[in-house]
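Colleague: Pasting a structure here, questions to come.
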Amino acid sequence: MYAPFQKNVSGETDESLLARARSGNQGALETLLGRHRPWVFNIAVRMLYQHVDAEDATQDILIKVLKALPSFRGDSKFTTWLYRIAVNHILNVKKEKWAASEAVCSFAVAAAGLQRVPEFDPPDPATVPVPVEILVEEVKVSCTMGTLLCLDGRQRLVFVLAVCLGLGDEDGAEIAGVTPANFRQILSRARHDLYEYLRGNCSLVEPGNACACARKTRAYVQAGFVDPRNLRFASSHLRRVRDIVDGRADESMDEFMKAAEDIYRGHPFCDVPAQAEKLREILAGLSRSE
């Protein structure tokens with residue numbers, strides 16, 4: 001799969017596709033946007049959590065990119081330019097009770113809420129439409145990805161760029177709009193706060209912790225946080241992030257930090273819905289509006 005942030009990417013370059021697209025080649029434009037749309041969507045999912053919000057943000061971002069293409073002069077790499085548009089848009093997303101630039105709640109509030117979730121035996125396999133193991137995986141990914149919302153927007157963005165997508169501090173800083181030194185500082189604080197929460201609460205990181213995904217699964221289903229008939233994460237495990245991007249784990253990390261980081265790099269690379277059809281809808285809609 002095309003990985004825009006990796007070195008030695010094979011295939012036609014973005015710049016070549018862009019040149020052909022500017023010459024009126026619709027196929028080149030679809031290819032150019034199509035190779036980046038899944039990555040924009042996966043950043044949006046990790047920043048906004050809800051797939052429907054991520055889909056809306058992705059569509060809005062692609063429209064912004066299309067409208068801005070004529071003004072792109074190549075002062076930076078096309079990839080950097082595109083993802084800077086993407087992350088600036090995502091950070092400005094506002095919902096009824098929350099803005100993406102803010103934390104949903106503190107880690108202390110999240111920990112208290114987690115402790116209130118009752119523990120039961122896993123669901124009876126005869127009562128659910130998918131294997132119980134899949135439901136447990138859905139709970140694991142939903143919970144750990146949701147924990148990212150306890151970081152403020154800038155910390156969440158830097159963590160997603162560095163840990164989940166494998167960017168170094170130079171590329172990540174340029175996209176995030178900070179200096180490389182500031183990028184490293186933000187990442188260090190985000191890692192510390194997130195991993196301390198996991199070490200104190202999550203049995204995936206610290207086996208002695210009480211919270212176990214399998215024993216929370218029935219409660220998550222009963223409360224509607226996980227819908228066995230509409231899985232958001234576990235059904236998309238055709239690829240994992242670690243299979244696509246290079247790892248950049250700091251060798252000086254404690255073992256629990258490495259275990260925690262591996263959780264996030266083991267998250268699914270989510271499939272963006274209706275890829276080709278949606279791209280053509282966006283392009284057609286933009287043409288009609290001109």
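Read-outs throughout are calculated quantities, based only on the coordinates presented, and are distinct from any laboratory measurement. Quick caveat: nothing in here was measured; it's all calculated off a predicted structure. We place every Cβ from the backbone using ideal geometry, glycine too, and count neighbours over all the protein chains shown.
Colleague: For the range 178-195, just list the computed ³J(HN,Hα) in residue order, Karplus coefficients 6.51, -1.76 and 1.60, θ = phi - 60°, integers in Hz, with x standing in for Gly and Pro.
Modeller: These are the phi-based 3J(HN,Hα) values: 10, 7, x, 5, 5, 4, 5, 5, 4, 4, 4, 5, 4, 4, 4, 5, 5, 6 Hz.
Colleague: Follow-up. Just order 263-272, 39-48 by mean Cβ neighbour count inside 10 Å, highest at the front, would you?
Modeller: Put in order of decreasing packing, that is 39-48, 263-272.
Colleague: About its Cα centre, how strong a charge dipole does the chain have in debye, to the nearest 20, once Lys and Arg get +1 and Asp and Glu get -1 at the Cβ?
Modeller: 560 debye
Colleague: Ok, one more. Residue by residue, what Karplus-based ³J(HN,Hα) values in Hz, rounded to whole numbers, does the range 71-86 have, using 6.51, -1.76 and 1.60 with θ = phi - 60° and x for Gly and Pro?
Modeller: Each residue's phi maps through the Karplus curve to give 8, 6, 10, x, 5, 10, 4, 4, 4, 4, 4, 5, 6, 5, 4, 4 Hz.
Colleague: While we're on this one: Once amide H atoms are built 1.01 Å from N in the peptide plane, which residues 5 or more positions from Cys211, or in another chain, come under 5 Å H to H?
Modeller: Under 5 Å from the amide H of Cys211 lie the amide H atoms of Ser203, each far enough along the sequence or on another chain.
Colleague: Take the Cα gyration tensor of the chain, multiply each eigenvalue by 5, square-root it, and list the three semi-axes largest first, rounded to whole angstrom.
Modeller: 34, 22, 17
Colleague: What FRET efficiency, computed as 1/(1 + (r/R0)^6) with R0 = 30 Å and r the Cβ-Cβ distance, is obtained for His192 and Trp98, rounded to the nearest 0.05?
Modeller: 0.80
Colleague: Over the Cα atoms of the range 78-164, what radius of gyration and what Dmax do you get, in Å?
Modeller: Final numbers for Rg and Dmax: 17.0, 51 Å.
Colleague: Using +1 at the C-beta of Lys and Arg and -1 at the C-beta of Asp and Glu, which of Leu17, Val104, Phe225 has the Cα lying farthest in the positive direction of the dipole of the range 14-289?
Modeller: Leu17
Colleague: Could you list which residues have their amide H under 5 Å from that of Arg240, counting only those 5 or more apart in sequence or on another chain, with H placed in the peptide plane?
Modeller: Excluding prolines and chain starts, which carry no amide H, the hits are Phe269.
Colleague: Rounded to the nearest 20 Debye, what is the dipole magnitude of the range 164-221 about its Cα centre when Lys and Arg each give +1 and Asp and Glu each give -1 at the C-beta?
Modeller: Charge dipole, the range 164-221, about its Cα centre: 520 debye, nearest 20.
Colleague: Something else: Past 26 Å, Cα to Cα: identify those pairs from Lys67/Lys94; Lys97/Lys258; Lys140/Lys258; Lys64/Lys94, in the order given.
Modeller: Listed pairs above 26 Å: Lys97/Lys258.
Colleague: Sorting check: for 106-118, 183-195, 19-31, which peptide has the highest mean count of neighbouring beta carbons within 10 Å, and how do the rest follow?
Modeller: For the peptides 106-118, 183-195, 19-31, the packing ranking is 183-195, 19-31, 106-118.
Colleague: How much length is gained if the chain between Lys77 and Phe225 is pulled fully straight, taking 0.36 nm per residue apart and subtracting their Cα-Cα distance, in nm to one decimal?
Modeller: Result for the pair: 49.3 nm of gain on full extension.
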